[in-house]
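Read the structure below first, then the notes.
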Amino acid sequence: MRVHDTYSGKLVELPPPPGPVGIYWCGPTVYRRIHVGNALAVTVLPLWLKRWLEHRGYETKVVVNITDINDKIYDAAPGHSAELASDATRWYIEDTDRLGLGRPDVEPTAAETVPEQIALIEQLLAGGFAYEVEGDVYYRVASFPEYGRLSRQRLDAMEEQEPNPLKEDPRDFALWKANKPGEDTWWESPWGKGRPGWHIECSAMSEKYLGTSFEIHGGGLDLKFPHHENEIAQSRALGHGFARIWMHNGMLSMRGTEMHKSIGNDVSLADALDRWGRETLLFFFLTGHWRKPLDYSEETLEQARAQLEGFRNVFRSPSEPVGDWSELEAALDDDFNTPEALAVMHGWRDHELLRRAFGIFGLGSIAEVEEAPAELAALAEARMAARGSKDFAEADRLRGEIEAAGWEVRDVAEAPGYRLVRRS
RNA sequence: GGCGCCUUGGCCGAGUGGUUAGGCACAGGUCUGCAAAACCUGGUACACCGGUUCGACUCCGGUAGGCGCCUCCA
């Protein structure tokens, strides 16, 4: 198994099974219901990866954090941010549970990891990688020569948007922020009341659950800079190996523009699930390669639905021993190429093989062919009899009755000569 | 302005220095009382301009268009 690593820009081989493979994936900031793009980046990809690696014999541990301390939360709920974070965490769990992919092994929150974050900040201060100013603590970017390597940013080309006179260097970033009026949550620290900056939480949580060196760190491409760059600066300054491989997924877009809350073109995961159902939505994610942008639209979802219907028809027909599992493994072992995997699966007719393949993606349910109610089967039998006596008017009337009940009757060669299929 | 990515037939979407990707849709056909499903057939597509090469969609350079990031967006 090999995957593309942003840091080196190359395909990197994973160690042979059983690993173990520690995976840290950047999770959501909880201040409202997550949207479809979030779902892909924080839930679907890490859990699919986990499922595939485990199929391949790896021991995995997937950590997906929950960011419950953030400016957005304070802004969204002045005076009661803790309640909002708590509510939004619950929504997040509810919505992503509907995807039916299971849950990460650990889902730590930033708030519960504050002591570990403070400890890391103290180490950075002791090492000269950070400095305190008026209750804030900043990371000294100039102290870390590797800064900018992940995102291939030139330090001297970076610009500061809002000059902060407290910083030694405009590129420095906050590790700890002194409590400000209106911020209703805070923690005691050696630097007074305040709360951690954004980036330090991921260094703390990943190292707490995966150790100071682990295999994979993932997240949306938009997090590459500054978030992941800063995580590297924090952890590696302390001599920690940190993540060996960096996976950055492409963004979900709508008509070519990134789906984003602030643009207002986002569709909530809950709404998408209501509109398309979990199977079509998950299948849609399968149609694109994880590193490329994926366009969420009526047309692309409809194509996913039609393609999935084709696979359902395979399960409705007799199984044939056509299919080669090793071709699927080759596709997915090569940078988790799901479009290629689907192309392979399109040639298969072996129910058991297909069921296993879909099962990895949480889509084993499509193999379950729904049995028609007895009264509809009786109508279908009556129609067969009418056809037998060439009473086609009656046969068509019975077909209409079956269709009115939401089912479709198809004539087939094998017994009993017809097949009832729920219309989708 | 800086950094990076992308541009494949109506649509989605892999991939490779020379061999049919695959799917969706569409058209014709087989089957069927009809229909649906299934199966068969039907498109030499790789933004543009140069270069390297025996040969480029695939490598290099440039142009155009699109996208992402450039201090708290997954």
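Odds and ends about this structure:
- Between A:E116, A:E122, the distinction of being within 24 Å of A:I245 (Cβ to Cβ), in a helix (DSSP H, G or I) and open to solvent by 20 Å² or more (accessible area, probe 1.4 Å) belongs to A:E116 only.
- Condition check for A:H217: touching a residue at least 60 places away in the same chain (Cβ under 8 Å) and not in a helix (DSSP H, G or I): yes
- Residues (surrounded by fewer than 21 Cβ atoms within 10 Å (Cβ to Cβ) and either acidic (D, E) or in a helix (DSSP H, G or I) (or both)) located in segment A:128-156: A:E132, A:E134, A:D136, A:A142, A:S143, A:E146, A:L155, A:D156
- A:A415 being open to solvent by 70 Å² or more (accessible area, probe 1.4 Å) and of a type in the set (A, V, I, L, M): yes
- Screening segment A:305-328 for residues that are within 22 Å of A:E54 (Cα to Cα) and touching a helix residue (DSSP H, G or I) at 6+ places or on another chain (Cβ under 9 Å) and picking the one that is most open to solvent (accessible area, probe 1.4 Å) gives A:E327.
- Hits in segment A:196-210 (condition: farther than 21 Å from A:T60 by Cβ and open to solvent by 10 Å² or more (accessible area, probe 1.4 Å)): A:W198, A:H199
- Sole residue being on the phi > 0 side of the Ramachandran plot, surrounded by fewer than 20 Cβ atoms within 10 Å (Cβ to Cβ) and at pLDDT 95 or above, chosen from A:G19, A:G57: A:G57
The values are calculated or read from the model by the stated rules, or taken from the named source; none is laboratory data. Every value quoted in this text rests on a predicted model; they were computed, and no experiment measured them. Every residue, glycine as well, gets a Cβ built from its backbone with ideal geometry; the counts of neighbours run over all protein chains shown. Ligands, DNA and RNA are excluded from the accessible area calculation, which covers all protein heavy atoms including side chains. Shrake-Rupley method; radii C 1.70, N 1.55, O 1.52, S 1.80 Å.
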